[in-house]
Every structure is written in structure tokens, then in C-alpha cells.
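Below: the structure, in C-alpha cells.
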Amino acid sequence: MSETHSRLSSSVSVPAPFRLGAALVQDGLLTAQELQRALDVQARTGERLGRILIALGLVKRQQLYQVLAKIWGLPFVDLLQTSLDKKLAQLFDPQVLVRERFFPFARRGSRLLVATAEKPNPALLERIRATLPKASVELYVTTEWDIDYAIRHCFRHHILDRAVHGLYYRNPAECAFTVLTFWQYLALALILISLVLGLYFSLRETLIVLNFLVNVAFLGSVLFKFGVSLAGAKYDQIEPITEAEVAALQEEDLPTYTILVPAYREANVIPLLLANLRRLDYPPEKLEILLLLEEDDHQTIEAARAANPPQQVTFVFIPKGQPQTKPKACNVGLFFARGEYLVIYDAEDRPDPDQLKKAVIAFRKGPPNLVCVQAALNYYNHDENFLTRMFTLEYSYWFDYMLPGLDKLRLPIPLGGTSNHFRTDVLRQLGGWDPFNVTEDADLGIRAAANGYVVGVINSTTYEEANNHLWNWIRQRSRWIKGYLQTVLVHTRSPLLLLTRAGLRNTAGFLMLIGGSPLTFLAAPILWSFYLLYLLTGTRALDFLFPPLTLYISLFNLLFGNGLMIYLNMLAVFKRHYYHLLLYTLLNPVYWILHSVASYKALWQLLTRPFYWEKTIHGISRELRSFDQSPAS
């Protein structure tokens, strides 16, 4: 053991950057000019020389660690070609192994063989002895990728279990694994029984009450969205993060940033994904890009390998198991993430190049309880057909007016499925994503608010592909609406607890937005049916349904409510100068019909297939490649 200590002590005193660079040049793996180039980057960013060399593509990862092994005076081991002792490894906490970058891979007599990807030091021995106090340790050097592979191999079931049930273990009440609790079943049963009895014994009065409630709910939802959007329009006059602030950032002060990219059946967009990530204006040696690939999705895996991704891209294979959802894959990625901040991008996304820097500034300027900032989403194929134009109007309104309004009014912000940036440590404290909720992003935003955290927005945009096929759109939208319904059911299980934790203001905002949106879509056909009956039969046949107050509200909804929603869509064209889409805002009622179809499909699936994730097909737009080849904005 004294020999090991001696080796460790001598390695600590070595000036590693000089020794590493000199050794690589001496071994013919690096030229003097390439070394100087890397040292210049190091002087600017303060990052480790080894990471810089790998990020620049000057040295292969395994070559680098073999040279480091020589410098540290330790043997090198290739864990991919070594038999791993699972029972030994499972004595250790896998999260510690990920964080500290070591792995106990075998016993040899009384000696414990441990591979490390970090510079050996006495503290490492102490961490090992915390688990095996009497161990005689023999250290080896290996790559970070080997460590991750060994952890995935030996802790496969643990990683899968934590990814699927981690939130449930943390707090079952916050997880959608249980669709309806006993009390929710009871409340639903009582409502249905009361409705049936009311229709049987007092048909007229029951229909009047139902008509009144539906109209009031519709009115409340429209007025809420209108008020929030007006607040967002005022917010639009302020630029939260300026170009001067971005330019003033020093690269040496930037933290390591993890990018999660879940990709399932996305073989056709993998090359474009890598090209878009290369456009990011962030030191590549400070990026950790985790490409999350389902282990049985062989086509996407082969496409990713064939694309020859840069060295900072790591393939993380998601263990097969139900539910097979994006949030489960993201939880696996979170398990391996080492960045101070973390962002999710979809495979077809093209974020603004300075988005990561703006997120860093937002976190530094924001309050201590700021857990996430959301970038705006928009579409590059907005002129492809009717669906893409309406989708673009909807998203421009939502991200340019609605979310800034929620931010200004300090109301809970439901996250979009991509381009949300997190503090990684707080995200872990929140339990990550709910793999049983099919809009895990919106749920996480509400869960953060319920736990005392806030979500903000940044003035940056990620461009993605708008759905241009009707059935594909219905599938995607019904999943989103089903997820909203799941989120409402989860967070209203204990109404008093929600009020206590989130407060009246946040609770009301949550119910109006997350609950009001699907209810509005479900209610719209009922209101339209009444209007159709009025046109066909005249007013006298429906007079009994419309006492004066109900009549006034109903007329307001018909004339002004739909008009306000069209007006809000008109607002959407101004910030992004989509003036050619202005006339399409008049077709908003047609788009609402599609929403209603999707909402009833969502309601049916909530009862029959609550966890089923309907895959949205990407990479089908004819404008995809022409946009990707355009200059970065």
C-alpha cells in the first residue's frame, strides 16, 4: 500500500499540462503546432488540456488515456475487453462512480483492481475504503467512456429502475403511475351519478346548469389567456439578455454544459442533428453531449455511428423496458450527466448559436430558486401547408406572448418538450422527469412551482419541424392533451396541499392553463352544437337553456370569445414578421375543430392507454435540408 501512496504522491506533483503535451508530442500523437493550438485554447478557457485535445479532434480518447497512464505510472485497462465483476461493482453507489470517475472491476487475490479516469490521489483511496475499509487497492487508468460502459453494464437494472420509478419512490403523489386515486375515482363516480340522476329527474334544470358551467369555463379560459398575453406583449418591449452581456462572457468562466438528445427512430435526421450542435457558440471542450439511443433501435444507432460524431458526443443506450418514453430516456441521461447545467434538444432542433450562453447569464442574474429557463420554439417550415402555418401561429403566440406573460405575472410555466435549460443538481432533487406522464415537460414545470422553484424564459429561439401531416398532428396533439389531463389529475390529488405549497395565485394559474386548455377543447363542440341547433330550429327550441345571464355569456363567447382567440393569433405574426400568415388567423376556428378531435381521442386514451407514448414522426418536411444548409442565424 505504501508503494501505491508513493506513486500517487509523485503524480500529484507533476505539472500535468506540460507533461501530457510533451509526452503526446514525443509519442508522435501530436505535433508541436497542434499542442500550441490546444495550449492557446486552454489559456482562453481554463479547461483541461486533455479535454481540449479530444474536443479539437487532435487525439483519440484511448490514446490520450494511455499516455496519461504512463505519466501517472499506472497500467492502462480497456474495460470493454475485460471481464467485469458485477457483484464487486454493485457494492458501490453507482452515482458516486459516475461522479468520481472510477470503477472497481475485479479482484486478484487480496487486491482490489480499480480503474480511474481521473488523476489518482489519496482522496480516491479514501472513497474506495469508505465501502471496503480493508481493501488493498491496485489502480489502473481507463477512459471516461469505459467507466460509463462498465456502469451501464453492471448497473443496468438499477439504472432502469431509477429511470422508471425514481420519482415514484421519491413521492408517489407526484407521479402519474397511478392514473386516478381512490378519492378521485369516488369524486368522478359521484359526479357521474349526480349527472345521470339530474338528467332523469330534472332534465331541464340539469341542462341549464351544464350549459351555464360550460359557458363560464370557456369564458374564463379565454379571458385568462387574453390577460396573460397582454402582459406578455408588454414584456416583449424588454430584452432580458442583451448581446453585450453575451459578448462580455469570459470562456474561462463558463461551466460544463450537458446536452441531452433523445433520439428514437430518428436515423434520417442524425447527420443534421450533429451539424446543428456544431453551430453552438460554446467551448466544445466544455460540452457533454449525451445522445440517448434506445438499445433496440438499431437503425438509429447505426446512423449515429456512421455520422462520425465528435469526441464530446457520448452514446447512452437506454435499457429496454416499459414505459418506452422520452422522459425515461432523459432520466437515464440525467443519471450520467456531469454538467452544472443541462438542456434537452430534440433530434431535429436547430437552436440559436448563443442559446447556452444566454441560459448561463439568465441563471446568474436570476433568483436562487430559478430552476429552469425556457427558450422559445418556432418552425422553419412554416409555409409548407395549412397545418404548418397554423402550428407556427400557435407556437409564435404561445412562446412569444403567453410564456413571457406567465413569467411577468410569476405564474407557473409549463415547459416545452425541448430547449429547457436546468440547474442539474436541482433537477435531480425534483426527481427528474415523470416517465408515466406523456407531457413530462409541462408536468415538470408545474412540479417545480409546487416545490417552491420558478421557471423563466430567455430571448432565444430553437427552430424545429412543424407537423405537416394531419394524422401525425392528431397523434402528437392528442398525446399533449392527454399529458395535460394527467398533470391535472396528479397535482389535484391533494387540493389543500397544492394550495399550501404553491399558493392561491399559482394554483389558480395552473388550473386555468393546464386544466382550462383541454376543457376548452372538449367544450367547444358542445357550444358549436347549440349554435348549429339554433340555426336549424330557431331560438324558441333552445330558449329554456338560456336564462338571461347564460345567454349573455354564451353570446359573448360566440362573438367575442372566438374573436379574441383570433386576435391573439394575429398578435403572433408581429414579433417574427410573419405578416403573410395574417389571413390564416381567420381560420383559427377550423384549427380548433382539429384540437377538439384530438382532445376526445386523448380523453379516450387516458382511460384505456394512459402511458402509451404516440411517436411523432420527424424528418418528413421537404424544407428540412434547405433550412439546415442556410447560414446560422
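About the Cα centre of the range 2-157, what is the dipole size in debye to 20, counting +1 per Lys and Arg Cβ and -1 per Asp and Glu Cβ, all else neutral? Present the calculation step by step, with values, prior to reporting the outcome.
Working: 22 positive and 15 negative charges, 65 e Å.
So the dipole magnitude of the range 2-157 works out to roughly 320 debye.
Please enumerate, by chain and number, the aspartates and glutamates with C-alpha under 15 Å from the C-alpha of residue 234, excluding those fewer than 8 residues away in the same chain.
400, 407
Only counting other Cβ atoms within 10 Å, I'd like 595, 580 sorted with the fewest neighbours first.
Details: 595 22, 580 11.
Sorted ascending by nearby Cβ count, the order is 580, 595.
Under a crude label model (7 Å from the Cα following the beta-carbon direction), how far is residue 27 from residue 194 in nanometres?
7.5
Please work out the C-alpha center-to-center distance from the range 308-331 to the range 91-114 and express it in whole Å.
The range 308-331 and the range 91-114 have Cα centres spaced 24 Å from each other.
Could you work out the relative contact order of the chain? I mean the mean sequence separation of Cα pairs under 8 Å and 6+ apart, divided by the number of residues, in percent.
Details: 961 pairs, mean separation 100.2, N = 633.
Value for the chain: 16 percent.
Percent of Cα-Cα pairs more than 18 Å apart in the range 454-548, please.
Values: 3047 of 4465 pairs.
I get 68 percent for the Cα pairs in the range 454-548 exceeding 18 Å.
I'd like the distance separating the alpha-carbon centroids of the range 380-415 and the range 191-227, in whole Å.
Using only Cα atoms, the two centres lie 29 Å from each other.
Would you work out the charge dipole size for the chain about its Cα centre, treating the Cβ of every Lys and Arg as +1 and the Cβ of every Asp and Glu as -1, and quote it to the nearest 20 debye? Numbers along the way, then the final one.
Numbers: 62 positive and 56 negative charges, 255 e Å.
Result for the chain is approximately 1220 debye, rounded to the nearest 20.
Need one word for the range 270-381: rounded, prolate or oblate. Basis is the Cα gyration tensor (sqrt eigenvalues a ≥ b ≥ c); a/c below 1.5 gives rounded, then a/b vs b/c decides.
Prolate, because a/c is 1.5 or more and a/b exceeds b/c.
Can you sort 193, 151 so the residue with the fewest Cβ neighbours within 10 Å comes first? Walk me through the numbers on the way to the answer.
Numbers: 193 10, 151 23.
Going from least to most buried by this count: 193, 151.
How large is the charge dipole for the range 119-170, taken about the Cα centre, if only the Cβ atoms of Lys, Arg (+1) and Asp, Glu (-1) carry charge, to the nearest 20 debye?
Here the size comes out at about 220 debye.
Is there a pair in 119/326; 408/601; 225/365; 70/326; 70/357; 87/615 whose C-alpha atoms are over 30 Å apart, and which pairs would that be?
Numbers: 119/326 35 Å; 408/601 34 Å; 225/365 28 Å; 70/326 42 Å; 70/357 37 Å; 87/615 37 Å.
Cα-Cα > 30 Å for 119/326; 408/601; 70/326; 70/357; 87/615; rest within.
Would you mind listing how long the range 2-157 runs along its three principal axes, going by Cα atoms, in whole Å with the largest first?
47, 36, 25
Please report 269, 371 as a ranked list, fewest other C-beta atoms within 10 angstrom at the top and most at the bottom. If you can, show how the numbers build up before the last one.
Working: 269 23, 371 27.
Fewest-to-most Cβ neighbours within 10 Å comes out as 269, 371.
Give me the angle, in degrees from 0 to 90, between the Cα long axis of helix 470-491 and the longest principal axis of the Cα atoms of the chain, rounded to the nearest 10.
90
Answer with a single label: of (i) 167; (ii) 208; (iii) 224, which was calculated as volume of the Cα convex hull per residue in Å³ from the structure in view?
(i)
The numbers here are math on the coordinates, done by the rules we state, and not lab data. Keep in mind that what you see is a predicted model, and the values were worked out from it rather than measured. Virtual Cβ from ideal backbone geometry, glycine too; neighbours counted across all protein chains shown.
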